[in-house]
Amino acid sequence: MYKYLFIVFFVTYTYTFCQTKEVLIGLKQNYAELLIHKNEVSHLANYRIKGVSATLETNTTGEKAWHSYFNFPNYGLILNYQDMGSPALGEVYSLSAFYKFFFLKRQMHVTTGLGFGFTNNRFDAIKNPKNIAYGSSMLANVLFELNYRLIPDFNKRINFDFGLFFQHFSNAKIKSPNSGTNHYGLQFGVSYNLNNSSVKTNRSNRKSTTAFEPDVDKTLQFHFLIASGLNDLEILNTKPYPFFTFTALTEKKLSFVNSIQLGADLFLSYAAKEYNQFMVSAYPEEGISRYEDWKRVGLFAGHKFHLGELKLVSQLGYYIYYPIEYLDRVYTRIGLQYTMSKHIYASILLKSHYAKAESLELGIGFKL
């Protein structure tokens, strides 16, 4: 059933994208291995992973300055079916929105994608106890690709792609177990340009257009961000708890596509509070106080890529106030922010401690 729904969704989006100048539809086949990022998932790794993807992409046209600066990237959607090999992991269906960045005369390209997935065989204490990777049916999905693109002389509307890929699935600690999976491997595919009249025009325009940088306001800007979501204790049969994050930061643009950040976070995680109560009851010999403060305060430095209204954010932080030992003191956040107006933007950031995710922060930001 899910395969048929994917086909309907793909056809609908193809029709929508066909209103633009250049539209490519494609199919890709991949073969992969599971990366053993934790010893506890080693029993899931003795299987061959394989999958197939349907792609839909279109080109940027140079209407905005960052298009030419980044060599006219493509963007689109990837619908993916992945047989995870292991009977415990089952199959995962995913949808990713992506950007494709070209280099070496557009023969090589890097693809970065972010989206969601659905597994048909999540963890069940009785029916599927070996699947410690997926505690819920809905998953977050992160994708990276490096490919070589060949355009044959006999038909310029056809593209052949060959390369490497890496994909991650997890539920961002919403429900345990959540070891997640990382798989990597080889892929190959073919795509076809539906708009013949635009092929020659668009490619010649890309060659003749040179990158330029508009004037940039390099004064300090101040932002406030409020985010929330759910996460659990990483203990089976415990419910998810709400969390709230309050962020204040200052940002300085270095160019029209790059800026740096310094800021502070206040984290109010009820999962951290409940974890402290669990440790008090389970390990009384540790002498942990039931009344210990569960709030955390962190300082961070960050970087932001500006792709028009869409921003790619990465941050590295350290807790300066850390009254209980909950996860690690160093944290990272990566994600996307989208400008909705001059002073308001939406934000989705994945917070983690090295390889262990803590939360998926959904928030709204305010720029003064």
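The values are calculated or read from the model by the stated rules, or taken from the named source; none is laboratory data. Keep in mind that this is a model prediction, so the values were computed, not measured. Methodologically, a virtual Cβ is constructed for each residue, glycine included, from the backbone with ideal geometry; neighbour enumeration extends over all protein chains shown. What goes into the accessible areas is simple: the full protein's heavy atoms, side chains included, and nothing from ligands, DNA or RNA. Shrake-Rupley method; radii C 1.70, N 1.55, O 1.52, S 1.80 Å.
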Select from the stretch 44-129 those GluC sites (Glu not before Pro) which occupy a DSSP coil region and have at most 10 other Cβ atoms within 10 Å, ordered by residue number. Glu63
Hz values of 3J(HN,Hα) by residue in the stretch 337-354 - Karplus curve (6.51, -1.76, 1.60), Gly and Pro given as x: 9, 10, 6, 9, 7, 4, 10, 10, 9, 8, 9, 9, 10, 9, 9, 9, 10, 6
How tilted is helix 2-17 with respect to the longest principal axis of the chain? Cα atoms for both, answer in degrees (0 to 90, nearest 10). 50
If the elastic network links every pair of Cα atoms under 10 Å, which of Leu194, Leu104, Leu299 fluctuates the most in the Gaussian network model of the chain? Leu104
Mean Cβ-within-10 Å packing, highest first, puts peptides 116-126, 281-291, 136-146 in the order 136-146, 116-126, 281-291
Rounded to whole Hz and in sequence order, give me ³J(HN,Hα) for the stretch 63-80 from the Karplus expression 6.51 cos²θ - 1.76 cosθ + 1.60, θ = phi - 60°, writing x for Gly and Pro. 5, 10, 4, 6, 4, 6, 4, 9, 6, 6, x, 9, 8, x, 10, 10, 9, 10
So, with a 1.4 angstrom probe, what is the percent of accessible area on the stretch 250-368 that is carbon and sulfur? 64
Distance check, please: which entries in Lys239/Lys367; Lys127/Lys356; Lys273/Lys367; Lys64/Lys156; Lys38/Lys239 exceed 28 angstrom between their Cα atoms? Lys239/Lys367; Lys273/Lys367
Of the heavy-atom accessible surface of the stretch 74-181 (probe 1.4 angstrom), what whole percent is carbon and sulfur? 67
Nearest 10 degrees, 0 to 90: helix 270-282 Cα axis against the chain principal axis: 40
Could you run the Karplus curve 6.51 cos²θ - 1.76 cosθ + 1.60 with θ = phi - 60° over the stretch 232-248 and give me ³J(HN,Hα) per residue in whole Hz, x for Gly and Pro? 10, 8, 6, 10, 4, 6, 10, 7, x, 10, x, 9, 9, 10, 10, 10, 10
Which one, Trp66, Leu79, Ser53, is farthest towards the positive end of the dipole of the stretch 19-169 when Lys and Arg carry +1 and Asp and Glu -1 on their Cβ? Trp66
Please work out how much length the chain gains when fully extended from Lys342 to Asn258, using 0.36 nm per residue of separation minus the C-alpha to C-alpha distance, in nm with one decimal. 28.4 nm
Tell me which of Val190, Ile126, Leu150 sits at the most positive position along the dipole axis of the stretch 98-195, charges placed on C-beta atoms (Lys, Arg +1; Asp, Glu -1). Ile126
Can you list the lysines whose alpha carbon is less than 21 Å from that of Lys50, not counting same-chain residues fewer than 8 positions off? Lys3, Lys28, Lys130
At 1.4 Å probe size, with every protein chain present, just tell me what the per residue accessible area of the chain comes to in Å². 51
